[in-house]
1. Near the amide H of Tyr249, under 5 Å away, which other amide H atoms are found, from residues 5 or more places off or on another chain, if H is placed in the peptide plane?
2. Check every DSSP H run in the chain and write down those whose alpha carbon atoms cover 27 angstrom or more along the long axis and whose mean Kyte-Doolittle hydropathy is 0.5 or greater.
3. Put +1 on the Cβ of every Lys and Arg and -1 on every Asp and Glu Cβ in the chain; which of Gln76, Val226, Met126 then has its Cα farthest towards the positive end of the dipole?
4. Sort Glu78, Glu219 by Cβ crowding within 10 Å, fewest neighbours at the top.
5. Go through 98-106, 53-61 and give me the packing order, highest mean Cβ count within 10 Å leading.
6. Around Gly253, what is the net charge, scoring Lys/Arg as +1 and Asp/Glu as -1 over all other residues with Cβ under 15 Å from its Cβ?
7. How many nm is it between the label spots at Asp103 and Leu292, if each spot is 7 Å from the Cα in line with the beta carbon?
8. Gap in Å between the Cα centre of segment 212-261 and the Cα centre of segment 36-52?
Amino acid sequence: MSAQIISGKDIAADIRSELSGEVAKLVAETGVTPGLATVLVGENPASQMYVGMKNKAAAAMGIYSRQITLPIDTSQDELLGVVAGLNADPAIHGILVQLPVPDHIDEGLVIESIDPLKDVDGFHPMSVGRLATDSGEFFAPCTPAGVVEMLVRSGHDPAGKHVVVVGRSNIVGRPLASLLIRKAPGGNATVTVCHSRTPDLGAVTRTADILVVAMGRPEMVTADMVTPGTVVIDVGTNRVDDPDSEKGYRVCGDVLFDEVEKIAGAISPVPGGVGPMTITMLLSNTVKSARLATAR
Ligand code: GUN
């Protein structure tokens, strides 16, 4: 039997429609329009595409969006100056500096320069620390927050389940593990984190009730690594050469979909899975930030 398809596209559309209502309510009640600023340094085509999609999605739901594009030779001080300006701007509630930044700029320094109250990416050490200690108000990083929403809204609440996360990045694997072990809705899971140095990866992934793969390696998870009935979330977005396609490439995940789909209990596709959820959670964090700002 084929797996249930967990469509991030459909779930994202539901959340965006809820958020549009929230934006309209916030504007009507307080006169405040949520504002998102994205900063892109350089001309990386994938980054340009992602940033463009984020601004378009924000504008489509009534969020004010400002896209700042800086040349690749922008100095670190210039970039820090731009962030300082956005920190001080009352029309902006969320700031996102698209990563990676060019090599001559210290990424950590830039992330730490963002006002934690406007850190809608959830990458600032204060946000990371509050998530890890499950204390205070914080913005959850968008991709892992999107994964949790997908699980809960598709009827696969992680509470009480064994979730195996493959990947230990700061953007996905680590914060996802922190979210899943929280004593809070969307949490209360038992979590194992695997990575590139895990011996016999398949032996671990086969123990999962829910398997989340975020390694950035095209189609690395094959059917023999998945126990029948497992819920599989594929975070990977990879471009692989495909001479049969018009563009010369195709987009695929970290999971060999055609094979795993036949045995999984449920699976998210690529594209149309986690990708639309990431942008949606960014919008959600921006609306949350604006709401919190009006309450201060
Ligand atoms: N680069 C890849 N993913 C992300 C993300 O979620 N936020 C930012 N700022 N940069 C990224």
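Since every read-out is calculated from the coordinates, none of them should be taken as a lab result. No experiment lies behind these values; they were computed from the predicted model shown. Positions of Cβ are backbone-derived with ideal geometry, glycine not excepted, and every protein chain shown enters the neighbour counts.
1. Those lying under 5 Å, H to H, from Tyr249 are Asp242.
2. In the chain, the long hydrophobic H runs are 274-295.
3. After comparing all options, I get Met126.
4. Result, fewest neighbours first: Glu78, Glu219.
5. Packing proxy ranking, top to bottom: 53-61, 98-106.
6. -3
7. My value for the distance between the label points is 3.6 nm.
8. 25 Å
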